[in-house]
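For reference, the structure discussed in these notes is given below.
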Amino acid sequence: MRTSSYVGPVALLVSLVFAFHAFAQQGQQGAQPVDGLTPAQNLAFQEGRRTFAKNYRIADGLGPVFNDESCADCHRGGTTASNRTVSRFGRITNGAFDPLPELGGSLIQSRGIGSITTLDGTFNFVGERIPPVASIGATRRTTSVRGLGFVDAVPDETWFAIARSEAAANDGTAGRVHIVVDIATGRAVVGKFGWKAQVPNLFQFSADALLNEIGITNPLFLDETCPQGDCMTLAFNPTPALNDDGRDVAALSDFQTMLAPPARGAITDEALSGEVLFHQIGCGSCHRASIQSGPSPIAAFNRATFHPYSDFLLHDMGTLGDGIAQGQATGREMRTAPLWGLRNANRLLHDGGATTIEAAIQRHDGQARPARDRFAALDADSVALLLAFLRSL
């Protein structure tokens, strides 16, 4: 007896839903914590993982403009590099970067919660667009959140010491520390996170993302984003009260803090030889192989040496800069991107505009131009060794 191969629309929809949830669960299962957590720390990690995967709804405070409903949607469950991008804009006014906050800048929230009816009438919240007056537009790829607890556990004085050591080398590649404000304390501290090192710690990083990417107000960011800069439209916001009392911010911070870094690939003889070349041509000047953390209540981070292949400092990248200024970071400056996890990435650079490691290196400019030119001068065998190293990260 033959059976029909026809799948009705309802059955197909159900199968797609189950497939999506299976994929999401698989991604979450791959998000493993660092070793040596106490039972209480492991419990906090698991709670944070659930919050990271949570889909926020309008009743939770989603929007009224936002980029996605869940942290995991943009950050691929915290397991691998992401190809998701966001847009920023601005213009140069009187010689200085203007983020055009009155028009919703500099970050675009690309989605809206739709039509909302209140006693005052109806308003349709739609995604923002880059306004015609903007002369600068930039695309930024979602950063990886793996291994960031190690970075967060590095004392500020270590970053200053790294900057001093780079300056002492006097090779033209010295980076600089980005001083930012820790909103929770009001203190001036070192920025480490984000493409411009504009965020000082994972707690603020989590609070910032909740507001600016999902639209969830919280104790660090009390005010909603005004859609396209028009704050009058917030009169139609269906959830004007504080959306998160701080518990979600804390949970997200716990998850990202205790999330293990990407695993290193096979370290072959070719990879070892390639790492020697990596340092010889100057890549290691900014992509620092090893950093040591300070004291930490989490055993894995307590005075631990880790290998991010980044100095997390700002560098003048010339044409590779995105034109967007944030804090003290100019439009030409970018934070050195960590290379750990590189072997799992298929889109590279801040804008995701490179699809191969070679293309990413060739786009380096500014302080990185000499290293780029030395790479271009390598023979084919040397290039193969260097790529073997980079593909092992």
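Key figures for this structure:
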item: Unmet requirement for Val133, which otherwise passes all of (1) closer than 28 Å to Gln292 by Cβ; (2) exposed (fewer than 14 other Cβ atoms within 10 Å of the Cβ); result: (1)
item: Criterion: in contact with a Phe, Trp or Tyr (Cβ under 9 Å, 6 or more places away or on another chain), in a helix (DSSP H, G or I), within 30 Å of Ile116 (Cα to Cα) and in contact (Cβ under 8 Å) with a residue 40 or more places away in the chain - qualifying residue of Leu252, Leu234, Leu277; result: Leu252
item: Boolean, Ile179 is over 18 Å from Phe150 (Cα atoms), part of a loop (DSSP other than H, G, I, E, B) and in contact (Cβ under 8 Å) with a residue 24 or more places away in the chain; result: no
item: Residue among Gly127, Gly137 that is more than 25 Å from Leu342 (Cα to Cα) and in a loop (DSSP other than H, G, I, E, B); result: Gly127
item: Odd one out for Ala266 among (1) surrounded by fewer than 21 Cβ atoms within 10 Å (Cβ to Cβ); (2) over 23 Å from Phe160 (Cα atoms); (3) of a type in the set (Gly, Ala, Ser); (4) in contact with a helix residue (DSSP H, G or I) (Cβ under 8 Å, 6 or more places away or on another chain); result: (4)
item: The range 93-107, residues that are of a type outside the set (S, T, N, Q) and either under 10 Å from Pro131 (Cβ atoms) or out of contact with any strand residue (DSSP E or B) (no Cβ under 9 Å at 6 or more places or on another chain) (or both); result: Gly95, Ala96, Leu100, Pro101, Glu102, Leu103, Gly104, Gly105
item: Matching residues in the range 315-348 - criterion: being part of a helix (DSSP H, G or I), closer than 22 Å to Leu386 by Cα and not aliphatic (A, V, I, L, M); result: Arg343, Asn344
item: Selected residue (only one of Arg88, Arg84, Arg76 is under 20 Å from Gly194 (Cβ atoms), of a type in the set (Lys, Arg), touching a Cys at 6+ places or on another chain (Cβ under 7 Å) and at pLDDT 75 or above); result: Arg84
item: Single residue of the range 362-377 satisfying the filter (assigned to a helix (DSSP H, G or I) and free of Cβ contacts under 8 Å to residues at least 24 places away in the same chain) that is farthest from Arg335 (Cα to Cα); result: Ala376
item: Any chance Ala251 is surrounded by 21 or more Cβ atoms within 10 Å (Cβ to Cβ), farther than 29 Å from Arg129 by Cβ, in contact with a Gly (Cβ under 8 Å, 6 or more places away or on another chain) and of a type in the set (A, V, I, L, M); result: yes
item: Enumeration of residues in the range 175-194 that are over 18 Å from Thr257 (Cβ atoms) and either crowded, with 23+ Cβ neighbours inside 10 Å or of a type in the set (Ser, Thr, Tyr) (or both); result: Gly175, His178, Val180
item: Unmet criterion (only one of (1) over 25 Å from Gly229 (Cβ atoms); (2) assigned to a loop (DSSP other than H, G, I, E, B); (3) among the hydroxyl-bearing types (Ser, Thr, Tyr)) for Tyr56; result: (1)
item: Condition broken by Leu119, with the remaining ones in (1) of a type in the set (A, V, I, L, M); (2) over 22 Å from Phe312 (Cα atoms); (3) surrounded by fewer than 20 Cβ atoms within 10 Å (Cβ to Cβ); (4) touching a residue at least 24 places away in the same chain (Cβ under 8 Å) satisfied; result: (4)
item: Count - residues of the range 32-49 that are in a helix (DSSP H, G or I) and surrounded by 12 or more Cβ atoms within 10 Å (Cβ to Cβ); result: 9
item: The range 75-116, residues that are in contact (Cβ under 8 Å) with a residue 60 or more places away in the chain, within 30 Å of Arg50 (Cα to Cα) and assigned to a strand (DSSP E or B); result: Thr85, Val86, Arg88, Leu107, Gly112, Ile116
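The values are calculated or read from the model by the stated rules, or taken from the named source; none is laboratory data. What you see is a predicted model; the values in this text were computed from it and never measured. When we count neighbours, we look across all protein chains shown, and the Cβ atoms used for this are built from the backbone with ideal geometry, even at glycine.
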